[in-house]
1. Once every DSSP H run of n ≥ 4 in the chain is given -39500 (n - 2.57) and the sum is divided by its residues, what mean residue ellipticity at 222 nm do you get, rounded to the nearest 500 deg cm²/dmol?
2. Taking 8 Å as the Cα distance limit and 6 or more residues as the minimum spacing, I'd like the relative contact order of the stretch 87-151 as a percentage.
3. Explain nothing, just the number: relative contact order of the stretch 3-110, from Cα pairs under 8 Å at least 6 residues apart, as a whole percent.
4. Eight or more residues apart or on different chains, and alpha-carbon atoms under 28 Å: count the Lys pairs in the chain matching that.
5. Classify the stretch 1-98 as rounded, prolate or oblate, taking a ≥ b ≥ c as the square roots of the eigenvalues of its Cα gyration tensor: rounded when a/c is under 1.5, otherwise prolate if a/b is larger than b/c and oblate if not.
6. Between Ala100 and Ile149, take the C-beta separation as r, use R0 = 25 Å, and let me know the FRET efficiency to the nearest 0.05.
7. Given q = 0.26, 0.29, 0.31, 0.35 Å⁻¹, what are the Debye log10 I(q)/I(0) values for the stretch 89-130, with equal point scatterers placed on the Cα positions and solvent ignored?
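Just so you know, all these numbers are worked out from the coordinates, no wet-lab data involved. Computed from a predicted model, the values in this text were never measured in an experiment. For neighbour counting, all protein chains shown are included, and Cβ atoms are generated from backbone atoms with ideal geometry for every residue, glycine included.
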Amino acid sequence: MYNIIKLREAPALADAAAPWFHEKWGIDEAAYRESMEECLAGKAPVPQWYVCVEDGAILGGLGVIENDFHDRKDLAPNVCAVYTEEAHRKRGIAGALLDAVCKDMASLGVKTLYLLTDHDSFYERYGWEFFCMAQGDGEEEPSRIYRKITE
C-alpha cells in the first residue's frame, strides 16, 4: 500500500524527490532542490512538495509553487509537476495526491489552487473546474488552467 508524504515532514526524501521530478519533467534538478529547500525552511505555505511512496520507491508526486511557468501571474499558487509512474497508474495515486494537497493547503490557509495542463477531462474527476486559458512560457498553444477551492 502506498503512502502520501509531505516533504516538510520527511526532509530526507528531498534527495530522492528532486532527481525524480527532474527525470519526469526535464526541469533543472537544482531548481527542484531550491524549491524543496524553501519548502523545508517553512517560512511560507508555498512552495510545498508531496510524494507517493511504496516500498521505498516514489510512485508519484506533485508540488505547489507560485507560478507554473505561465502568463497569468495573478492565478496563484499553482499545483505543478503532477506525475504518476506509468506502471502504477489507475491505482488512485493521482487522485490521492490531489486530495492530499488540497486538504494540506487548506490547513495552511490557502483557499484556492490553480493548475496548468494540456489535459481536458482528467482533473474534473477530482473536483477541479476549468477556469481559463493561459499561455505557458515557451509554448506555441495556450493551455488550460483549472481551479479548486480547497475549503
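1. Details: 3 runs with 40 residues, N = 151.
Helix contribution divided over all residues of the chain: -8500 deg cm²/dmol.
2. Working: 78 pairs, mean separation 24.1, N = 65.
That works out to 37 percent.
3. Working: 151 pairs, mean separation 25.1, N = 108.
It comes to 23 percent, rounded to a whole number.
4. Value for the chain: 24.
5. Note, shape of the stretch 1-98 comes out prolate.
6. Working: r = 16 Å, r/R0 = 0.64.
According to the calculation, E is roughly 0.95.
7. Normalising to I(0) and taking log10 leaves -1.03, -1.15, -1.20, -1.26.
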